[in-house]
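*Asks:* Right, I'll just put the structure down here and ask away after.
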Amino acid sequence: MKHLALLLALTASTFTAMGATMPNGADNFYRSDDVTIEKVSFKNQYHMEVVGSLVRPTHPPASTANLPAVIVGHPMGAVKEQSSLLYAQKLAEHGFVTLAIDLPFWGESAGEPRNLVAPEMYSEAFSAAVDYLGTRDFVDRSRIGVLGICGSGSFAISAAKLDPRLRAIATVSMYDMGAVTRHGLGSSVSLQQRKDLLAKAAEQRYAEFTTGQGVFLDYLPVELPADADPVTREFWAFYRTPRGISIPQGRTLETTQNRMLTSEVRFMNFYPFTDIETISPRPLLFIAGDKAHSLEFSQQAYALAGQPKELYLVPGAGHVDLYDRVDLIPFDKLVAFFTRTLAGT
C-alpha cells in the first residue's frame, strides 16, 4: 500500500508538472450510496474464471421480482474499475442489475500470460456473463443487454452476432480493434507497414519460444514524452494519472495497458463488423463524442448495422471524455435505451 501511495503521489506530481488538470466532471472512482457491489466469478466455455462486480439497486422496483440486466465491458487494456464500474453503478441506480466484468487475461480474471490479446475469448466472456446472469433468481433472463466501452464495444458486437440472448447492444467510444490494428486511425497504416509488423511479430516469436519471456510494447509509457501525439496524451491523462490509475494485484504500472507485439497482431484477424446486420432486429445504440478520434468506428458500425439503430453524438466530447466525465456522459440516453429495449413483453 505504501508503494502504491508513493506511486500515485509521484504520478500526481508528474501530472501537475505537465500542466494538465483534472477535467470537469471526471469521476472514474464514483461510489453510489444507492447500490450494492459484490465480487462474483464464473466459468467461461474455456473453463477459465471470469471475475466481475455485480451491482444491484439497493431499492429495486417493487413491481417486479426479476430485473433486467446489463453486462458492462471495460476499455481495451483496462480493468473493470476503469470506466465500466462507473457505468454499472449509474445504470443500477435506475433499477438494472449490472455486471462489470474483467475480460480474460486482464484484471482479476484468469488467463496466462497476462495482457494477452485473444478477441475470441473476450467475446466469449460476454456470453459467459449471460450464462451467469440468466441463472440468477433475481434476473429476468429474457431481458439481458450489453454495454461495451472502447474496445469492448467491438467485442460486445462480436458476441451479439453469435448470442441472441443479448437483447440490446450499446457501445460508448467504440474502437474496432481489428480495423485500427490493420489500418490505423484514419487508414494511416499502409499494406506494406502492416506486412512489416506481421513479419516483425513472427520473428519475435522465436525469441519468446526460446526464452519464455514476452516483450511488451511501451506505447503508453509511465512518463509522457514531450513529443507525444495527441491520442497518446489523451490516454495518458486517464491511465497514467490519479484520474484513472488502477493497478491489478501483482502487476506494475508499466505493464498496465501495454501488450506484447506477438499478441497484438492477433487483432489483424478480428472483424467484428462483418455480418453486423444479422443482429437486427435487436436494437443497437452507438454513442460517441463528436470530437473523438475514434468516431470513425461508430460511424462505420452504424452504416453497416440493420434496423433499429441509432448513432448518438455527444457535443464537445472526445474519446476518453466518455470514460468518466459524468458531466458529458449521456446516462439518461443509456437508461432510456435499455428501459425501452429490455421492457419485456
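*Asks:* Rank these for me by crowding, K80, K309, K39, going from fewest to most other beta carbons within 10 Å. Intermediate values should be presented prior to the final figure.
*Replies:* Details: K80 26, K309 20, K39 10.
If I rank by nearby Cβ atoms, fewest first, I get K39, K309, K80.
*Asks:* Applying a 10 Å radius around every beta-carbon, put 195-205, 66-76, 314-324 in order of their mean neighbour count, most first. Don't skip to the answer; put the middle values down first.
*Replies:* Values: 195-205: 13.0, 66-76: 26.4, 314-324: 20.9.
Packing order, densest peptide first, comes out as 66-76, 314-324, 195-205.
*Asks:* Please compute the length gained on full extension between D327 and T135, using 0.36 nm multiplied by the number of residues separating them and subtracting their Cα-Cα distance. All intermediate terms of the calculation are to be shown ahead of the outcome.
*Replies:* Details: separation 192, 0.36 × 192 = 69.12 nm, distance 3.55 nm.
Full extension of this stretch gives 65.6 nm more.
*Asks:* Here's another thing I want to ask about it. What is the helix-to-structure angle for 119-133, meaning the angle in degrees between its Cα long axis and the longest Cα principal axis of the chain, kept from 0 to 90 and rounded to the nearest 10?
*Replies:* Once rounded, the angle reads 30 degrees.
*Asks:* Moving on to the next point. Report the gain in length on full extension from D275 to S41: 0.36 nm times residue separation, minus Cα-Cα distance, nm rounded to one decimal. Don't skip to the end; give the middle numbers.
*Replies:* Values: separation 234, 0.36 × 234 = 84.24 nm, distance 3.11 nm.
Net length gain for the segment: 81.1 nm.
*Asks:* Here is a further query. Would you give the gap between the C-alpha center of segment 301-333 and the C-alpha center of segment 139-178, rounded to a whole Å?
*Replies:* Using only Cα atoms to place each centre, the spacing works out to 14 Å.
*Asks:* Moving on. In cubic angstrom, how much convex hull volume per residue do the alpha carbon atoms of segment 43-134 span? If you can, show how the numbers build up before the last one.
*Replies:* Details: hull volume 7.3 nm³, N = 92.
Per-residue hull volume (Cα only) is 80 Å³.
*Asks:* Right, something else. V215 to R194: FRET efficiency via 1/(1 + (r/R0)^6), r the Cβ-Cβ distance, R0 30 Å, to the nearest 0.05? Could you put the intermediate results ahead of the total?
*Replies:* Values: r = 20 Å, r/R0 = 0.65.
Working from the Cβ atoms, E equals 0.95.
*Asks:* Counting only other residues whose beta carbon sits under 10 Å from that of H74, what net charge do I get with K and R as +1, D and E as -1? Spell out each step's value before the answer.
*Replies:* Numbers: positive: K80; negative: E81, D102.
With Lys, Arg at +1 and Asp, Glu at -1, the neighbours total -1.
*Asks:* Among I149, I37, which comes first, second and so on when ranked by fewest other beta-carbon atoms within 10 Å?
*Replies:* Listed from fewest to most nearby Cβ atoms, that is I37, I149.
*Asks:* Next question. Starting at 0 and stepping by 5 Å, how many percent of the alpha carbon pairs of segment 113-167 end up in each bin?
*Replies:* Values per bin, smallest distances first: 5, 20, 30, 22, 13, 7, 3, 0.
*Asks:* How many percent of the alpha carbon pairs in segment 81-156 exceed a separation of 22 Å?
*Replies:* On the way: 656 of 2850 pairs.
Beyond 22 Å sits 23 percent of the P(r) for segment 81-156.
*Asks:* Separate question: Nearest 10 degrees is fine. How inclined is helix 295-304 to the longest principal axis of the chain, computing both from alpha carbons?
*Replies:* 50
*Asks:* When you take every Cα atom in segment 254-344, what is the radius of gyration, and what is Dmax, the widest Cα pair distance, in Å?
*Replies:* 15.7, 45
*Asks:* Hey, what angle do you get for helix 230-239 against the long axis of the chain, alpha-carbon based, 0 to 90 degrees rounded to 10?
*Replies:* Helix 230-239 and the main axis of the chain meet at about 60 degrees.
*Asks:* Students often get this wrong, so check it: of K43/K80; K309/K333; K291/K333; K161/K200, which have C-alpha atoms separated by over 21 Å?
*Replies:* Details: K43/K80 17 Å; K309/K333 14 Å; K291/K333 19 Å; K161/K200 32 Å.
Violating the 21 Å Cα-Cα cut-off are K161/K200.
*Asks:* Also, I was wondering about something else. Using the Cα atoms of segment 261-304, I'd like the radius of gyration and the largest Cα-Cα distance, Dmax, both in angstrom.
*Replies:* Rg and Dmax of segment 261-304, Cα atoms, are 13.0, 38 Å.
*Asks:* Further question: Relative contact order for the chain: what percent, with Cα pairs under 8 Å and sequence separation of 6 or more? Intermediate results must be reported in sequence, preceding the final value.
*Replies:* Numbers: 678 pairs, mean separation 66.8, N = 345.
So the answer I get is 19 percent.
*Asks:* Just order 92-105, 130-143, 153-166, 178-191 by mean Cβ neighbour count inside 10 Å, highest at the front, would you? Kindly include the intermediate steps, with their values, before the conclusion.
*Replies:* Details: 92-105: 25.7, 130-143: 17.0, 153-166: 23.5, 178-191: 14.9.
Ranked from most to least packed, the peptides come out as 92-105, 153-166, 130-143, 178-191.
*Asks:* How big is the gap, in Å, between the Cα center of segment 210-255 and the Cα center of segment 20-48?
*Replies:* Each part's Cα centre sits 20 Å from the other's.
Each value in this text was obtained by applying a stated rule to the coordinates, not by laboratory testing. What you see is a predicted model, and the numbers here were worked out from it, not measured in a lab. Cβ: placed from backbone, ideal geometry, glycine included. Neighbour counts: every protein chain shown.
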